[in-house]
Amino acid sequence: MAADKVDPIHQFHINKLIPIEIGGFDLSFTNSALFMVATVIVASAFLVLTTSSRGLIPSRLQSVSEMSYEFVASMLRDAAGTQGMRFFPFVFSIFMFVLVANLLGMFPYFFTVTSHIIVTFALAMLVIGTVVIYGFMKHGLGFLKLFVPSGVPVVLMPLVVAIEVISFLSRPVSLSVRLFANMLAGHITLKVFAGFVVSLSALGLTGVAGAVLPLLMAVAITALEFLVAFLQAYVFAVLTCMYLNDAIHPGH
Amino acid sequence: MFVTYAFAQESNHADGESAAEGVTHTETGVPHEGGHEATFPPFDPATYPSQILWLAVTFGLFYLFMKRVALPRISGTLEIRRDRVAQDLDQAARMKEEADEAIAAYEQELAQARNKAGGIGQEARDAAKAEADAERAEVEGKLDEQLAKSEARIGAIKAEAMKDVGTIAEDTAAAIVEQLVGKATKADIAAAVKSVSQ
């Protein structure tokens with residue numbers, strides 16, 4: 001079991017808590033699902049409980065909720081204009097969900113929901129799906145102007161259109177991989193350094209002295225990971241806003 | 001370690017669940033067993049349906065909750081605060097206006113009072129001057145009167161004295177004439193004195 005503790009991949013394992021199987025699909029309630037529920041509960045409870053007094057002069061926690069509201073609102077307004085504000089609940093939910101999931105993952109022994117590519121990819125597809133569906137609903141075929149930048153010579157048009165299409169198709173991939181890879185790499189690094197501390201300490205006095213360095217590293221990386229947890233949620237939300245802007249204003 | 005984990009779970013399922021489940025699990029389990037190398041968990045497709053389902057459920061509920069409950073509440077609070085601040089600013093502006101008005105009114109009153117005070121001072125000065133003038137006039141009148149009286153008296157005395165002078169001159173002249181030439185008639189002497197004194 002000593003080897004288990006140092007295994008940096010162990011933390012990403014999905015364990016079934018309540019096995020559910022429907023139509024040949026494994027839909028079990030897993031630790032991942034548990035932490036999705038926890039994310040939702042923590043985020044909802046924080047937002048509702050801190051704002052329950054509806055104080056004219058906000059308490060500290062209330063102003064945290066209000067700041068997150070205004071932060072996302074101004075992000076969306078800057079990127080997509082006032083018309084984009086119809087997507088505000090969507091963007092806010094994504095931002096809060098990713099942020100809280102990332103932060104919960106920072107607790108030792110907690111599962112990081114966003115360290116699984118399928119979760120980030122599903123969120124990215126939700127964003128792109130919203131963009132495509134809303135774009136076609138609002139502009140019909142005019143939405144395809146997104147791929148035809150104005151002012152490009154006719155000769156170059158096929159090439160430019162091809163590039164635009166490829167860049168559009170790569171969006172969900174880059175969006176999901178960015179978040180997934182950041183969370184995964186961060187947690188693995190953290191675990192590896194923490195593992196060094198444990199295995200070096202087992203070597204005796206010299207080992208304990210040598211373990212100071214990886215310990216300091218682990219502390220520093222923990223701080224960095226908190227930054228990354230926030231930053232990646234922010235990046236995800238900002239890109240969502242920019243993609244939604246394309247759906248609202250497809251002409252460049 | 002992961003392999004043992006997966007096995008533990010599989011054996012659990014094989015015990016309790018249907019045969020169909022057992023099959024799907026064996027499929028994913030095979031590479032674990034064969035390669036003696038665990039699939040990297042995030043790339044294990046067997047977990048995808050469950051993760052997608054639970055993500056859909058939790059995120060869907062979260063979205064609805066945000067849209068229906070949390071965000072309206074926060075935006076309501078923010079709006080109330082914005083209104084309140086605007087209202088307070090309005091009130092402050094109104095109060096400032098009132099204060100300005102009050103200051104203007106006060107200054108006007110002050111100016112009026114100053115004018116009035118000036119007026120009263122002027123009046124008092126005028127009255128005093130008039131009184132002084134009247135008194136002086138009275139005194140001057142009295143003095144004039146006394147002067148006139150005195151002049152009249154002096155005149156009377158002078159006239160009387162002049163009359164006496166005539167008689168004295170006549171007497172003296174008669175005495176002188178008598179001494180020099182003898183007798184002179186009284187009428188001649190009076191005529192002579194009269195011609196000299198005129």
Exercise for review: Return yes or no: is A:MET75 within 25 Å of A:SER176 (Cα to Cα) and either in contact (Cβ under 8 Å) with a residue 40 or more places away in the chain or aliphatic (A, V, I, L, M) (or both)?
Suggested key: yes
Point to revise | Selection count where residues are surrounded by fewer than 16 Cβ atoms within 10 Å (Cβ to Cβ) and outside any helix (DSSP H, G or I), scope region A:46-66 | key: 7
Check your understanding: Among the residues of region B:177-198, which ones are of a type in the set (A, V, I, L, M, F, W, C) and either open to solvent by 90 Å² or more (accessible area, probe 1.4 Å) or at positive phi (or both)?
Key -> B:LEU180, B:VAL181, B:VAL196
Check your understanding: Based on what the data block shows, is A:PHE107 at the interface with chain B (Cβ under 7 Å from one of its Cβ atoms), out of contact with any Phe, Trp or Tyr (no Cβ under 6 Å at 6 or more places or on another chain) and at negative phi?
Key -> no
Exercise for review: Please work out which one of (1) open to solvent by 40 Å² or more (accessible area, probe 1.4 Å); (2) over 21 Å from A:LEU47 (Cα atoms) is the condition A:SER115 fails and give its number.
Suggested key: (1)
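Yes or no, residue by residue, for (1) open to solvent by 60 Å² or more (accessible area, probe 1.4 Å); (2) modelled with pLDDT of 95 or more; (3) assigned by TED's automatic domain parsing to the domain that holds B:LYS183:
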| residue | (1), (2), (3) |
| --- | --- |
| B:ALA104 | no, yes, no |
| B:GLN108 | yes, yes, no |
| B:GLY141 | no, no, no |
| B:GLU151 | yes, no, no |
| B:ILE157 | yes, no, no |
Point to revise | Of the criteria (1) touching a helix residue (DSSP H, G or I) at 6+ places or on another chain (Cβ under 6 Å); (2) open to solvent by 40 Å² or more (accessible area, probe 1.4 Å), which one A:ALA43 fails | key: (2)
Review point. Based on what the data block shows, is A:VAL152 at negative phi, touching a Pro at 6+ places or on another chain (Cβ under 8 Å) and more than 11 Å from chain B (Cβ to nearest Cβ)?
Key: no
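Table: residues versus (1) small (Gly, Ala, Ser); (2) away from chain A (no Cβ under 14 Å).
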| position | (1), (2) |
| --- | --- |
| B:PRO72 | no, no |
| B:ARG82 | no, no |
| B:ALA99 | yes, yes |
| B:ASP133 | no, yes |
| B:ALA137 | yes, yes |
| B:LEU147 | no, yes |
Exercise for review: Look through region A:213-230, keep the residues that are open to solvent by less than 80 Å² (accessible area, probe 1.4 Å) and without any contact (Cβ under 8 Å) to a residue 24 or more places away in the chain, and return whichever of them is farthest from A:LEU104 (Cα to Cα).
Suggested key: A:PRO214
Revision key, fill the gap. Counting only residues in region A:121-138 that are within 14 Å of chain B (Cβ to nearest Cβ), out of contact with any Lys or Arg (no Cβ under 8 Å at 6 or more places or on another chain) and open to solvent by less than 20 Å² (accessible area, probe 1.4 Å), the one nearest to A:HIS249 (Cα to Cα) is identified as A:VAL127
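The values are calculated or read from the model by the stated rules, or taken from the named source; none is laboratory data. From a predicted model like this one, the values you see are computed outputs, not experimental measurements. A quick note on method: Cβ atoms are made from the backbone with ideal geometry, for glycine too, and the neighbour counts reach across all protein chains shown. Side chains are part of the model used for accessible areas, which takes the heavy atoms of the whole protein and leaves out ligands, DNA and RNA. Shrake-Rupley method; radii C 1.70, N 1.55, O 1.52, S 1.80 Å.
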